[in-house]
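Scroll down for the structure; my scribbles are underneath it.
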Amino acid sequence: MDARGESDGSDGTTVTTPNPAGAGSGEIVAAGMPAPPPAPTSPWVGGKPHLGDRLFRGLSEGSGVLIVIVVGAIGVFLLWRAIPALARDQENFFTYGGNWLTTDTSAMHFGIRDLLQVTVFVSLFALILAMPVALGIAIFLSQYAPRRAAGPLAYLVDLLAAVPSIIYGVWGLYVLAPQLRPIATWLNEHAGRCFLFATGNASVAGGGTIFTGGIVLAVMILPIITAVTREVFVQTPQGQIEAALALGATRWEVVKTTVLPFGRSGYISGAMLGLGRALGETVALLIILRGTQSAFGWSLFDGGYTFATKIAATASEFNDELKAGAYIAAGLVLFLVTFVVNAVARSVVAAGRCR
């Protein structure tokens, strides 16, 4: 022991050494052991972040603000172009469902009642068809399929989103519709009392009905719902899965008690994103419904226009600002509907994360 009363550690005892960080407090270190490394240097120097941190933060905030500005500018533009036409509309824009008459720009007659009904009806029909199939595919790829096969199969499902809309429309009208004709005829004959299957003015034999359009639309939104649901299911904590298996649960019981509760919010949000995609589909539905543009009568075998198909089918009238303004007003409603649907999807995801 030296004059300061501290052991030199030669006898295997401990020594008291100053704090390497310079804090002034001593710490007990075993003899022969190296001193702990110094504390990492903070990226904040003098109370300010580094230049790279400031640039990244500014870029991130600027990107977020830019997106908000762009979305707001789109809404303002649509409203600004729609107001002159709405001022000349002689009907109630939200409840009128008659013929779209914009030839006389001094007294126009147009409304969105039928457009809204057809858009929501065909989109919900497609969503009802796509959601169970997407859920089954997501469960199979994430829980049952071998790892070597899951990747290629998921890639094939995702490729459905790469098929152009016009190809879906031609396939639906000329390939799928003839195959669905016996089913449509049987439903019309045996379930005609149900308002969903009672034939209106549209021809079942022609195939260009909401029934065919909804099935094609379900195939189009299937990869979106499947991809989102699959990614959420894969993130299920492995510890919970192994705990359920250790307790003797079967694979399906693991899916039912662990995977599905964990991924419920992701599944719902994926369905809402698919619904937003369905609401704005244009070319495929325009091709399928072009021959049956009759008044909508709440039947799957009726025809009609959606917001998007109505705007696309009458693009020749856009040479006049007032005529174009009538369709822009319809586009504004579609913009608001899709915005609300996507906002609901985001809120569902946020609620799931809070739980």
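State whether the residues of the range 99-115 include one that is more than 14 Å from residue 327 (Cβ to Cβ), touching a helix residue (DSSP H, G or I) at 6+ places or on another chain (Cβ under 8 Å) and open to solvent by less than 80 Å² (accessible area, probe 1.4 Å).
No, there is no match, as no residue in the range 99-115 is more than 14 Å from residue 327 (Cβ to Cβ), touching a helix residue (DSSP H, G or I) at 6+ places or on another chain (Cβ under 8 Å) and open to solvent by less than 80 Å² (accessible area, probe 1.4 Å).
Would you check which residues across the range 304-333 are within 19 Å of residue 123 (Cβ to Cβ), open to solvent by 30 Å² or more (accessible area, probe 1.4 Å) and free of Cβ contacts under 8 Å to residues at least 60 places away in the same chain and list them?
Listed by number, the residues that qualify are 311, 312, 313.
What about residue 129, is it open to solvent by less than 40 Å² (accessible area, probe 1.4 Å) and at pLDDT 90 or above?
Criteria not met by residue 129.
What are the residues in the range 87-98 that are outside any loop (DSSP other than H, G, I, E, B) and open to solvent by 70 Å² or more (accessible area, probe 1.4 Å), if any?
87
Yes or no: the range 233-254 includes at least one residue that is crowded, with 20+ Cβ neighbours inside 10 Å, of a type in the set (Ser, Thr, Tyr), in the same structural domain as residue 163 (by the TED database) and modelled with pLDDT under 90.
No: the range 233-254 contains no residue that is crowded, with 20+ Cβ neighbours inside 10 Å, of a type in the set (Ser, Thr, Tyr), in the same structural domain as residue 163 (by the TED database) and modelled with pLDDT under 90.
With respect to residue 173, is the statement that it is free of Cβ contacts under 8 Å to residues at least 24 places away in the same chain and either aliphatic (A, V, I, L, M) or outside the structural domain of residue 299 (by the TED database) (or both) true?
Criteria not met by residue 173.
So if I check each of 228, 216, which one is modelled with pLDDT of 85 or more, closer than 27 Å to residue 274 by Cβ, open to solvent by 30 Å² or more (accessible area, probe 1.4 Å) and part of a helix (DSSP H, G or I)?
Only one candidate passes the filter, namely 228.
Please name all residue pairs, on different chains or six or more residues apart, with Cβ atoms under 8 Å, provided the first residue is in the range 117-139 and is in the same structural domain as residue 158 (by the TED database) and the second residue is open to solvent by 30 Å² or more (accessible area, probe 1.4 Å) and not in a helix (DSSP H, G or I).
117/298; 118/305; 121/298
The values are calculated or read from the model by the stated rules, or taken from the named source; none is laboratory data. Note that the coordinates shown come from a computational prediction; the quantities given were computed from them, not determined experimentally. Cβ sites come from the backbone with ideal geometry, for glycine too, and all protein chains shown count toward neighbours. For accessibility, only protein heavy atoms count, side chains too; no ligands or nucleic acids. Shrake-Rupley method; radii C 1.70, N 1.55, O 1.52, S 1.80 Å.
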